[in-house]
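So the structure is just underneath, and the comments pick up after that.
The values are calculated or read from the model by the stated rules, or taken from the named source; none is laboratory data. What you are looking at is a predicted structure, and each value in this text was computed from that prediction instead of being measured. Reconstructed Cβ throughout: ideal geometry from the backbone, glycine too, with neighbour counts over all protein chains shown. Note: accessible area is taken over every heavy atom of the protein model, side chains too, but ligands, DNA and RNA are not part of it. Shrake-Rupley method; radii C 1.70, N 1.55, O 1.52, S 1.80 Å.
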Amino acid sequence: QAVASSEREEHRYRIMTSDGQVRWLRSLIGANRDPNGTLTSIDGVIQDVTDLVSTEEQLRHSMKMEVAGRLAGGIAHDLNNTLTIIQLNCFLLDTELRALAASRNVLNHVVAIENASEKSAMLTRQLLTFSRKQIVRPVELNINTTLQAFSPLLKQLLGDTIDLEIQLAERIADIRLDPGQLEQIVMNLVLNARDAITDKGEIQVQTQTVFIERMTDLAKWALPPRKGEYISIRVSDNGSGIGAESLHTIFEPFFSTKGPDKGTGLGLAVVHGIVRQNNGGLLVESVENSGTTFQVLIPVARHTDSQALGAERRIGDKLRGQPALLESEHGESILLVDDELAVGRYTENVLRRLGYSVTTTNSPQAALQLVKDGGCDFQLLVTDYSMPYLSGTELAKKIREYLPTIPVILMSGFLNEEAFQNLPVELNPIYIQKPFSIQNLSAAVRKSLIDNEAVPRAAG
């Protein structure tokens, strides 16, 4: 082709080295001719472009994940609004049935609906984690301590036919990670290993300290780590393994080699998203019919001024455990704003059942006009974060011009970490994520009102 063409020919192809490695080569070959057009020589260059091919593949994968992440975030937002309506109505239905002295069998149907909606809420949290729109609260923690506390649950999930062996390295450093994210990494990898074992088998979870000086074999890494010190979590199984043709696609959302009754295809995508979000490394090695090993690297915690000065915000729905259902003490007046009519209507019904006086609108402009008119002395603003024309924070700022000390609760089906960190400090809002429990809603409302009692009001 080079001889026949007047231009240099470029080709990419794979070779296998003597030690069994697959390398990508790029050749550039051209023919040289004299002024009469007679061929005088052929020259060319062959270059090893394995790392370049790997980088290009990672870029394509990153772009696909970004598009899928945007889709997942949008789906989760709509689902969370729908699940909020379901959970609020479960509370209202339960209240009505108990007032009518309904039988336990009837009440159990309500419980079943609540449990199903909570299971769906867990799926949306996975979608938000994958799309990196789930708010995370990183803290310094020790992986060994977390795994020791987590191991009884893991053993329970695996049952009697699969042995779980946990090997913890001594004296490892702390990492900085959201505890829930660490649990998701371990849970998803262990459950993935369990599903790869058809009968009896063994799963190993190991921790160790790893120092990365320079990267080699980039093609092996789903997420190559940077130079530095890491804590490693290795999850290995002796199950069916993963075929070579699937190794580069297992982290894509909704990709699964399992049957239709096993998993959602999101577990490994969630792990990929968490590790990437925390600047870690992710490696998978597998031999078909011999087992698989996943290795996750999380950077060792470094104390920085920005971390030390990071302002803690209050998150009503991040409280561990389920707070008690708190009713109004003085019939306080609440301004409720949500552009989703159904969410606003049923949230109002719940707040009224708790003894509050509630004025609801689906328009931030209408809410602002109500405050301007001065006909109502609102004591709390409960608003959706994402609304057309005026966001929840913009609305709160404008309302504060007329009611300087009114406390604020922000609700949202999704709010990414960057947006959360950039919430105006002067608003000091409580944030609750949809779908929220009635207990957490009531606790957030009570906390806002109690905290505000200590704030001196302007005279006049």
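Looking at the structure I just gave you, is residue 77 part of a helix (DSSP H, G or I), at pLDDT below 80 and not polar (S, T, N, Q)? Judged against the criteria, residue 77 is a match. Can you tell me which residue within region 388-404, out of those that are more than 27 Å from residue 326 (Cβ to Cβ) and assigned to a loop (DSSP other than H, G, I, E, B), is most open to solvent (accessible area, probe 1.4 Å)? Step by step, filter region 388-404, then rank; the result is 389.
Return yes or no: is residue 176 open to solvent by 20 Å² or more (accessible area, probe 1.4 Å), under 30 Å from residue 121 (Cα atoms) and modelled with pLDDT of 85 or more? Judged against the criteria, residue 176 is a match.
Here region 43-60 is the region considered, the condition is being of a type in the set (A, V, I, L, M) and within 13 Å of residue 12 (Cα to Cα), and the residue that is least open to solvent (accessible area, probe 1.4 Å) is 49. If the condition is being of a type in the set (Asp, Glu) and touching a residue at least 24 places away in the same chain (Cβ under 8 Å), then region 159-195 contributes 163, 165, 174, 178, 183, 195. Looking only at region 332-355, how many residues end up being under 16 Å from residue 407 (Cα atoms) and open to solvent by 10 Å² or more (accessible area, probe 1.4 Å)? Summing the residues that are under 16 Å from residue 407 (Cα atoms) and open to solvent by 10 Å² or more (accessible area, probe 1.4 Å) in region 332-355 gives 2.
Among the residues making up region 150-173, those that are under 18 Å from residue 208 (Cα atoms) and open to solvent by 70 Å² or more (accessible area, probe 1.4 Å) are 170, 171.
Here is the figure for region 364-385: residues that are under 19 Å from residue 344 (Cβ atoms), free of Cβ contacts under 8 Å to residues at least 60 places away in the same chain, open to solvent by 10 Å² or more (accessible area, probe 1.4 Å) and not hydrophobic (A, V, I, L, M, F, W, C) total 3. Charged (D, E, K, R), closer than 30 Å to residue 48 by Cα and in a helix (DSSP H, G or I), is that true of residue 245? Yes: the conditions hold for residue 245. The residues listed here are 104, 70; of these, the one that is of a type in the set (Lys, Arg), open to solvent by 50 Å² or more (accessible area, probe 1.4 Å), closer than 21 Å to residue 222 by Cα and modelled with pLDDT under 85 is 70. In region 302-316, is there at least one residue being open to solvent by less than 50 Å² (accessible area, probe 1.4 Å), in contact with a strand residue (DSSP E or B) (Cβ under 9 Å, 6 or more places away or on another chain), at pLDDT below 95 and among the small types (Gly, Ala, Ser)? Within region 302-316, one or more residues are open to solvent by less than 50 Å² (accessible area, probe 1.4 Å), in contact with a strand residue (DSSP E or B) (Cβ under 9 Å, 6 or more places away or on another chain), at pLDDT below 95 and among the small types (Gly, Ala, Ser).
Residues that are buried (at least 16 other Cβ atoms within 10 Å of the Cβ), at pLDDT below 85 and among the small types (Gly, Ala, Ser): does region 405-413 have at least one?
Within region 405-413, one or more residues are buried (at least 16 other Cβ atoms within 10 Å of the Cβ), at pLDDT below 85 and among the small types (Gly, Ala, Ser).
If you go through region 258-277 and keep only what is modelled with pLDDT of 80 or more and open to solvent by 30 Å² or more (accessible area, probe 1.4 Å), you end up with 276, 277. The condition of being at pLDDT 80 or above, open to solvent by 70 Å² or more (accessible area, probe 1.4 Å) and touching a strand residue (DSSP E or B) at 6+ places or on another chain (Cβ under 6 Å) holds for residue 40. Residue 199 meets the conditions (1) more than 21 Å from residue 140 (Cα to Cα); (2) open to solvent by 50 Å² or more (accessible area, probe 1.4 Å); (3) not in a loop (DSSP other than H, G, I, E, B) in every case but one. The failed one is (3). Residue pairs whose Cβ atoms lie under 6 Å apart, separated by 6 or more positions or on different chains, with the first residue in region 34-54 and at negative phi and the second in a loop (DSSP other than H, G, I, E, B) and modelled with pLDDT under 85, are 40/34.
Looking only at residues of region 441-458 that are open to solvent by 10 Å² or more (accessible area, probe 1.4 Å) and at pLDDT 75 or above, we find that the one that is nearest to residue 364 (Cα to Cα) is 449. For region 354-361, indicate whether the set of residues that are under 32 Å from the mean Cα position of the chain (by Cα), assigned to a strand (DSSP E or B) and within 20 Å of residue 441 (Cβ to Cβ) is non-empty. Within region 354-361 (the criterion being under 32 Å from the mean Cα position of the chain (by Cα), assigned to a strand (DSSP E or B) and within 20 Å of residue 441 (Cβ to Cβ)), the answer is yes, since at least one residue qualifies.
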